[in-house]
Structures are given as structure tokens and as C-alpha cells.
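What follows is calculated from the coordinates using simple rules that are stated; it is not laboratory data. Only a predicted model underlies this, so the values are computations on that prediction, with no experimental measurement involved. Note that we place each Cβ from the backbone using ideal geometry, even for glycine, and neighbour counts take in every protein chain shown.
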Amino acid sequence: MGYYGRKDAETLEELAWDRSPGRDVKGYRLHYGTANRRYSSIIDVGNVTTYKISNLPSGKTYYCVVTSYNKAGRESPASNEISFTVSPPALE
């Protein structure tokens with residue numbers, strides 16, 4: 001499972017990843033934090049392959065991985081980690 005980060009205006013980060021090839025996938029969890037391989041936040045995003053995180057402080061770097069899970073709640077190994085730095089909001 002891979003994914004990428006894309007920066008949008010107003011400190012909104014849109015993340016997207018490839019659908020897991022597993023047949024019993026019920027959903028995905030996004031794990032992120034401000035330290036490499038240390039994820040302080042976990043969001044159950046449901047059975048979608050994109051998610052927007054808002055209200056992140058600009059200038060901070062975040063590290064993310066995604067896991068899939070089945071109906072029993074068992075998680076897959078984590079995807080490759082990506083990092084992104086939150087850009088300041090765009091001026092209009």
C-alpha cells in the first residue's frame with residue numbers, strides 16, 4: 001500500500017493511498033505524528049482511499065503511514081512512511 005501527500009490552501013493536507021489488494025478489508029487507519037516512526041494520532045477513515053487533515057500548524061513536519069484492517073479489527077503491516085511540511089495558508 002502506498003500513498004502521497006498533497007498540500008492545499010488553509011493548512012489542509014489531502015492524503016491518498018492505493019487500495020489494499022486484500023479481499024476482507026473493512027477500512028483504513030491513518031497514523032500520523034511529528035516524529036519519524038512515532039505516530040501520536042490515529043484516524044479511522046473508513047473504507048476510503050483519501051482523507052483531508054485540517055488545522056495543522058504551518059511549518060510543522062508530519063510523518064504518516066496507513067494500515068488496512070479487516071472486520072475482526074486485525075491491522076495489516078504499515079505502508080511506507082511519507083513526510084510533509086505544512087505550508088502557510090495561501091494569500092488571496
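From the backbone phi of the stretch 66-80, what are the Karplus-calculated ³J(HN,Hα) couplings (6.51 cos²θ - 1.76 cosθ + 1.60, θ = phi - 60°) in whole Hz, Gly and Pro given as x?
10, 10, 9, 9, 9, 5, 7, x, 6, 8, 7, x, 6, 5, 5
Expressed in nm to one decimal, what extension gain is obtained for the pair Asn80 and Lys60 from 0.36 nm per residue of sequence separation less their Cα-Cα distance?
Using 0.36 nm per residue and subtracting the Cα-Cα distance, I get 5.2 nm.
Just to be sure I understand the model, the point goes 7 Å from the Cα along the line to the Cβ. What's the resulting Val48 to Val25 distance in nm?
Computed distance between label sites Val48 and Val25 equals 1.5 nm.
Nothing charged except the Cβ atoms of Lys and Arg (+1) and of Asp and Glu (-1): what's the magnitude of the dipole of the stretch 3-85 about its Cα centre? Round to the nearest 20 debye.
240
Kindly provide the Kirkwood hydrodynamic radius of the stretch 11-92 in Å, to one decimal, from all pairs of distinct alpha carbon atoms.
Hydrodynamic radius (Kirkwood, Cα pairs) of the stretch 11-92 is 13.4 Å.
Per residue of the stretch 42-59, what does 6.51 cos²θ - 1.76 cosθ + 1.60 with θ = phi - 60° give for ³J(HN,Hα)? Whole Hz please, x for Gly and Pro, Karplus curve as stated.
Rounded to whole hertz, the list is 10, 10, 7, 8, x, 9, 10, 10, 9, 7, 10, 9, 10, 6, 8, x, 5, x.
What is the calculated FRET efficiency for Ser87 to Ala16, with r their C-beta to C-beta distance and R₀ = 25 Å, to the nearest 0.05?
It comes out at approximately 0.90.
Relative contact order for the stretch 3-85: what percent, with Cα pairs under 8 Å and sequence separation of 6 or more?
After rounding, I find 33 percent.
Expected output is a single nm value to one decimal: the length gained when fully extending between Arg38 and Asn70, i.e. 0.36 nm times separation in residues minus the C-alpha distance. What is it?
Extending this stretch completely gives an extra 9.2 nm.
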